[in-house]
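A short write-up of the structure that comes next.
Laboratory data are not the source of any read-out in this text; all were calculated from the coordinates shown. Note that the structure is predicted; figures quoted are calculated from it, not measured. Here the Cβ is made from the backbone with ideal geometry for all residues, glycine too, and neighbour counts use every protein chain on show.
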Amino acid sequence: MPKQISDALVLVDASNLFYRSHWAHVDLATDEGIPSGMIYGFLYKLLLLKKEHGYRILFLWDCSRHNSWRRLEYPPYKAKRDDKPKDPDFVTAIDIQLPQIRKALSALGYRNVYHDKLEADDLIALCAFANRRGQTVIFSRDQDMFQLLHKGVTQIVPTGRETGDQTFNSNTVLRKYGVAVSDWAQYLALGGDSADNVTLPGMGPKTAIKLLNAGVNLKRTLDKQYGLDPKSTAYITPRWKGLKRAYRLTSLPLRTTDSRISSFVEPDFLSWVPTYQPDTPTPSNRKTFERILDNFQLAQLKGLAKEYYRHGRKRN
């Protein structure tokens, strides 16, 4: 784990952590066979994050991919995932545990943030920008958020390995991938993303780096690619419409006034973020949380929970 960042706002990609917790603890269940791995993995990580970074933790959840503004704008977006058969055990595990995780977070005083047309990375981008005068830590495996790693923002990428989680900032991204975070959204657009079904023939990560080094700039129009060599110009010209669309999908909105989302997001939707502090759990809230642990037979978390309460709202 990285060193504690004083007063940092921790933005958790909650959907990502939720699903990862299932596969990491897929065999965990109560004596009655009720799956409990999602709750265990999620709450265990929460208690560790609190220990390392303090209480200012927000949980950002994905909307349905069918309702995402990206899908509404570009119907093939993530469409490949629609055809995958659904594991009935997985669906059951979600139906049982997801409401209980959100209930547990509320009982601990945390806020769950959701919007029916925004994905978790959109919400994280908006929150990080709203908190731009403070320190922000993003907790997610999603590398799309590397584009947010400017001054004051770092990202913890869970690995699931004994070596522990990895921490990225603008310098580590540049060293590892050879791409500046200011160009990361363009790198994603030029390289393509098969998982999200945002790809173009002949494009890939190596080509993306070559084109960025050549001076391709997707923030501009095609007729303003100044200083671009003829070979690069010839390569991007027939692909330009698709590249611009990809960039529109891969670049994350930073303000609620962004034209891609302003028609359905209230201007003050996240105005409370810079001063956010979780509520202090009441005795009733604590009983609710402990009852969830009991119902899912998660006695192994009770020690961490007691430490959580014992420290109150003090910083570590």
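The value of relative contact order for the stretch 181-250, using C-alpha pairs under 8 Å at least six residues apart, is 39 percent.
Of the listed values [x] 0.95; [y] 0.97; [z] 1.00, identify the label whose number matches Rg/Rh (Cα atoms, Kirkwood Rh) calculated from this model. Step by step, Rg/Rh (Cα atoms, Kirkwood Rh) for this structure corresponds to label [z].
How big is the Kirkwood radius of the stretch 181-250, worked out from every pair of different alpha carbons and given in Å to one decimal? Let's see the in-between values first.
Working: mean 1/r = 0.0846 Å⁻¹.
Evaluated over the stretch 181-250, this radius sits at 11.8 Å.
Residue order for K117, K219, K86, fewest other beta carbons within 10 angstrom first, comes to K86, K219, K117.
Using C-alpha pairs under 8 Å with a sequence gap of at least 6, the mean separation divided by the residue count of the chain gives a relative contact order of 22 percent. Projecting label points 7 angstrom from Cα along Cα→Cβ for N112 and T92 puts them 2.2 nm apart.
Scattering from the C-alpha atoms of the stretch 39-150 alone, worked out with Debye: what is log10 I(q)/I(0) at q = 0.16, 0.17 1/Å? Computed log10 I(q)/I(0) values: -0.94, -1.05. Only Lys, Arg, Asp and Glu carry charge here, each on its Cβ (+1 for the first two, -1 for the last two); on that basis the chain has a dipole of about 960 debye about its Cα centre. Cross-linked pairs K206/K244; K176/K306; K151/K244: Cα-Cα separations exceed 30 Å for K176/K306.
Taking the chain as the reference, fit the longest principal axis to its C-alpha atoms, fit the long axis of helix 283-295 to the helix C-alpha atoms, and give the angle between the two in degrees, 0 to 90, nearest 10. Helix 283-295 sits at roughly 80 degrees to that axis.
Of Y55, Y247, how do they rank once you tally other Cβ atoms within 10 Å and put the fewest first?
Working: Y55 22, Y247 18.
Least crowded to most crowded, the residues run Y247, Y55.
Most simply put, the chain has about 25% antiparallel DSSP beta bridges, counting only bridges with both residues inside it. Rounded to the nearest 20 debye, the dipole size of the stretch 181-250 about its Cα centre is 180 debye, using +1 on the Cβ of Lys and Arg and -1 on the Cβ of Asp and Glu. Sorting E32, E266, E290 from the fewest to the most surrounding beta carbons within 10 angstrom yields E32, E266, E290.
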